[in-house]
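Nothing in this text is a laboratory measurement; each read-out follows from the coordinates by a stated rule. In this text, all values refer to a predicted model and were calculated from it rather than measured experimentally. Neighbour counts are summed over all protein chains in view; Cβ atoms, including those assigned to glycine, are modelled from backbone coordinates with ideal geometry.
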Amino acid sequence: MSKFNTFDFNQAIPIISEDTEFFPLLSQQDEDEMSNEDIPEVIAILPLRNTVLFPGVVIPITVGRDKSIKLVKEAYKGDRTIGVVSQKDMTVEDPSFDQLHKIGTVANIIKVLQMPDGNTTVIIQGKQRFKLKEMVQSEPYLKASVERYAEAKPKTSTKEFKALISSIKELALQIIQLSPNLPSEAGIAIKNIESPTFLVNFISSNLALELPAKQELLEMKDFVNRAKLLLEHLTAEVQMLELKNQIQHKVRTDLDKQQRDYYLNQQLKTIQEELGGNTPDLEIENLKIRAKAKKWPEAVYTHFDKEIEKLARINPAAADYSVQLNYLELLLDLPWGEFTKDKFDINRAIKILDKDHYGLEKVKKRIIEYLAVLKLKNDMKAPILCLVGPPGVGKTSLGKSIAKALGRKYTRMALGGVRDEAEIRGHRKTYIGAMPGRIIQSLKKAGTSNPVFVLDEIDKLGADFKGDPSSALLEVLDPEQNTNFYDHYVEMEYDLSKVMFIATANSLNSIQPALLDRMEIIEVNGYTIEEKIEIAKKHLLPKQREMHGLSIKSVSLSNKVIEKIIEEYTRESGVRGLEKKIGSIVRGVATSIVMEKPLTAGVNADMVEEILGAPIFDKDIYENNDVAGVVTGLAWTSVGGDILFIESSLSPGKGKLSLTGNLGDVMKESAALAMAYLRSHAEDFGINYKVFDTWDVNVHVPAGATPKDGPSAGITMLTALTSLFTQRKVKENLAMTGEITLRGKVLPVGGIKEKILAAKRANIKEIILSKSNKKDIMEIKDDYIKDMKFHYVADMAEVIELALLKNKVKNPKEIERFLGEAK
């Protein structure tokens with residue numbers, strides 16, 4: 001159907017009116033003469049993209065195709081006669097013969113104009129219709145054989161015909177009157193047209209019809225039928241214009257009223273501002289507009305409507321107004337049902353995790369498993385992972401890598417020192433200064449309902465009279481319950497099931513058992529020296545170089561230099577201290593460059609000591625136990641594994657047991673248990689039981705300023721006491737860890753990997769463990785422990801057999817007397 005802008009007289013009328021020498025208004029006699037003219041059997045064909053040429057009508061066209069430009073120029077030099085045919089698909093750039101309509105119009109080229117913008121404009125006049133027969137040539141432009149497409153001449157004397165033509169002219173004039181954008185000359189031109197044929201062609205050409213409708217008019221042989229069809233289009237156009245004018249009048253009236261209301265409201269707001277009042281209506285309208293764009297569940301829509309009605313009833317000067325306004329803005333800012341799309345490329349995820357973190361195979365494997373299942377199922381409750389390990393091993397930064405691998409947003413919540421339950425669940429709105437919980441605040445900040453959410457230092461949660469935040473986390477971290485997490489401030493249930501929670505902790509001892517049960521525990525142990533060297537080369541050194549503005553050529557560290565820094569300047573399971581030392585090295589190099597003393601041979605061992613000072617740790621003191629009663633144990637600390645020495649000595653007395661070294665209750669009980677076991681099995685070790693009543697025993701653990709506790713020093717205590725009373729020295733380069741019972745059974749302990757790494761740092765070659773700890777050794781890569789030997793024992797007799805040498809040591813006179821009494 002036609003559009004609102006009907007006639008295009010802005011081009012057609014000036015052409016007719018400005019130069020009558022070339023564009024006369026044709027009479028019926030002129031058209032008859034044109035229809036009787038002969039047309040060539042073969043004619044050059046000019047395809048038109050978006051218009052139809054009618055006989056007798058003059059139109060300007062812009063020629064842009066190379067073929068068309070060549071055709072026009074050659075025809076203009078010749079007889080100026082061409083065939084004009086509309087193409088079926090206007091999007092085709094170079095139409096073929098089959099893509100053209102079969103009925104066209106013979107045209108005469110009036111003028112060819114070169115426009116200032118470089119385009120070529122051709123003014124053509126239609127002569128008569130023709131029908132395409134077959135293509136003669138396609139290059140350099142299209143030529144085809146044609147035949148005349150004659151139409152039946154109407155009976156112009158009948159009343160019906162005259163009424164039809166009169167109706168067409170009246171409707172055309174009515175359309176011009178209803179369209180304010182059309183020039184008044186258009187009506188004068190139509191009134192002056194006397195030829196019915198030209199009138200129909202002229203209106204058909206200028207009426208804004210779709211191309212198929214115009215082509216249909218051109219192809220109709222019977223003139224009366226063509227005039228009737230044109231009348232239908234004109235009638236529809238008149239109705240459309242009348243409806244358009246009605247709508248515009250109504251809209252104009254509504255706009256006038258709205259503009260009046262707006263003007264008055266602006267005046268009212270200005271008066272209120274001068275009086276110190278507020279203008280809440282605009283705020284409420286903005287909230288409603290934002291709410292319409294949200295994809296909320298029905299329950300949220302209902303709740304929001306109820307709350308915004310409450311806001312409208314509150315006096316803007318009241319304190320509750322700002323509280324209610326902040327609440328509604330929070331509802332709008334929360335990402336209800338908004339999710340980021342997961343990236344299911346497993347290989348890409350593996351590359352990202354491997355690039356960002358060296359080692360940590362167990363964690364990477366678990367993430368890849370989750371991603372694989374999510375790809376298969378496409379909907380899965382996110383796991384609650386808890387990464388447990390010493391500081392500096394990359395637990396927190398691992399969350400960022402997981403978010404990058406999954407293509408999710410990342411958010412982090414530090415739980416260290418949190419003591420208030422409202423930090424998790426939020427405050428009730430009735431309280432002054434009420435705020436939502438940090439879970440909801442973090443989701444608002446992330447802008448999505450399925451981020452990777454890191455709960456950092458979950459073992460550092462506190463508790464006081466305001467509540468227990470670890471208990472408040474029970475609902476958050478339960479996959480069966482967190483679909484309906486209730487925040488006191490939001491007062492509505494929020495779905496947390498798509499959030500991937502990752503908790504981090506240094507120790508599991510302080511975590512509430514019920515909370516621990518809801519999480520999947522993944523141990524992130526310390527790094528071996530080999531792993532630390534790779535991490536330093538691939539991550540720490542490039543990071544420090546970038547931070548300090550140095551290039552790769554400016555500073556590089558060899559494996560030996562990095563190993564020296566690790567062994568002599570750090571004692572940790574992670575790499576945080578190592579990064580600080582490397583940062584010091586890089587700053588030293590930067591200082592040398594600024595002082596125009598560039599390094600020529602790179603950073604060597606001497607330069608390390610020059611920058612970092614003398615070595616802090618000396619591993620040689622841990623290698624040998626020179627006297628009886630001294631045993632090397634292995635301990636787990638919050639910063640990883642460490643070496644623990646148990647020293648014991650005898651002095652004349654009444655059999656008193658003294659413990660020094662700032663020991664905790666568990667280690668004190670282990671010492672008492674070892675002494676009780678040794679007294680009851682003295683005969684098995686060749687000790688006279690009477691000596692226990694005549695000699696005092698002192699057990700000391702060095703570094704008394706450091707508190708020590710834990711259930712892993714039992715066999716170390718018993719070995720030290722046995723070595724002391726038998727005067728058999730402990731083997732060199734040997735360490736042990738494990739707990740004992742009164743029956744002498746060796747129990748397994750935890751933190752094995754950290755302890756093994758500490759032993760390797762101290763150059764210890766043999767380690768005694770409980771048989772139940774063999775599975776922990778199997779999880780360590782063989783390359784890291786290839787130079788170490790492990791002994792797995794079940795009772796203390798095996799420990800003594802493995803740990804003590806057969807020969808006794810040389811003793812002072814008191815010990816000789818003691819041994820004589822023992823015999």
L332 to S507: FRET efficiency via 1/(1 + (r/R0)^6), r the Cβ-Cβ distance, R0 56 Å, to the nearest 0.05? 0.85
Positive minus negative residues near K395 (Lys, Arg vs Asp, Glu; Cβ under 10 Å): -2
Whole-Hz Karplus ³J(HN,Hα) for the range 676-685, in order, using 6.51 cos²θ - 1.76 cosθ + 1.60 and θ = phi - 60°, x for Gly and Pro? 5, 5, 5, 5, 6, 10, 4, 5, 5, 9
Out of [x] 60.3; [y] 62.0; [z] 32.8, which label holds the value of mean projected area of the Cα convex hull in nm² that was computed here? [x]
How large is the charge dipole for the range 320-375, taken about the Cα centre, if only the Cβ atoms of Lys, Arg (+1) and Asp, Glu (-1) carry charge, to the nearest 20 debye? 640 debye
For the chain, what does the helix formula give at 222 nm: sum of -39500 (n - 2.57) over DSSP H segments with n ≥ 4, over the residue count, nearest 500 deg cm²/dmol? -13500 deg cm²/dmol
Alpha carbon centroid spacing (whole Å) that separates the range 669-711 from the range 316-378: 55 Å
Of F161, A172, P40, which is farthest towards the positive pole of the chain's charge dipole, taken about the Cα centre with +1 and -1 on the beta-carbons of Lys, Arg and Asp, Glu respectively? P40
In debye to the nearest 20, the charge dipole size for the range 529-617, taken about the Cα centre with +1 at each Lys and Arg Cβ and -1 at each Asp and Glu Cβ, equals 280 debye
Residues other than D495 with Cβ under 14 Å of its Cβ, Lys/Arg counted +1 and Asp/Glu -1, net out at -4
Quick one: check the C-alpha center-to-center distance for the range 393-465 versus the range 646-665, whole angstrom. 48 Å
Can you give me the long-range amide H partners of L48? Hydrogens built in the peptide plane at 1.01 Å from N, cutoff under 5 Å, separation of 5 or more residues or another chain. V85, S86, Q87
The chain - percent relative contact order, Cα under 8 Å, separation 6 or more: 8 percent
Within 13 Å, Cβ to Cβ, of L663, how many net charges do the neighbouring residues add up to if Lys/Arg are +1 and Asp/Glu are -1? -2
Using the Karplus curve 6.51 cos²θ - 1.76 cosθ + 1.60 with θ = phi - 60°, work out ³J(HN,Hα) for each residue of the range 767-784 in order, rounded to whole Hz, and write x for Gly and Pro. 9, 9, 9, 6, 4, 5, 8, 4, 4, 6, 5, 5, 7, 8, 4, 4, 5, 7
Among V92, G686, G359, whose Cα lies farthest out toward the positive end of the dipole of the chain, if unit charges sit on the beta carbon of Lys, Arg (+1) and Asp, Glu (-1)? G686
Would you list which aspartates and glutamates come within 12 Å of K365, measuring only between C-alpha atoms, while excluding same-chain residues fewer than 8 positions from it? D354
Towards the positive end of the charge dipole of the chain, with charges on Cβ (+1 Lys, Arg; -1 Asp, Glu), say which of V608, I103, A150 has the farthest Cα. V608
Please report the equivalent ellipsoid semi-axes of the range 280-333, computed as sqrt(5 x eigenvalue) of the Cα gyration tensor, largest first, in whole Å. 19, 11, 9
Simple Cβ-charge dipole of the chain, Lys/Arg +1 and Asp/Glu -1, about Cα centre, in debye nearest 20: 1780 debye
Residue-by-residue Karplus 3J(HN,Hα) for the range 664-673, coefficients 6.51, -1.76, 1.60, Hz, glycine and proline x: x, 4, 5, 5, 5, 5, 4, 5, 5, 5
Given bins 5 angstrom wide, list per bin the percent of all Cα-Cα distances in the range 658-801, short to long. 2, 9, 19, 21, 21, 15, 8, 4, 1, 0, 0
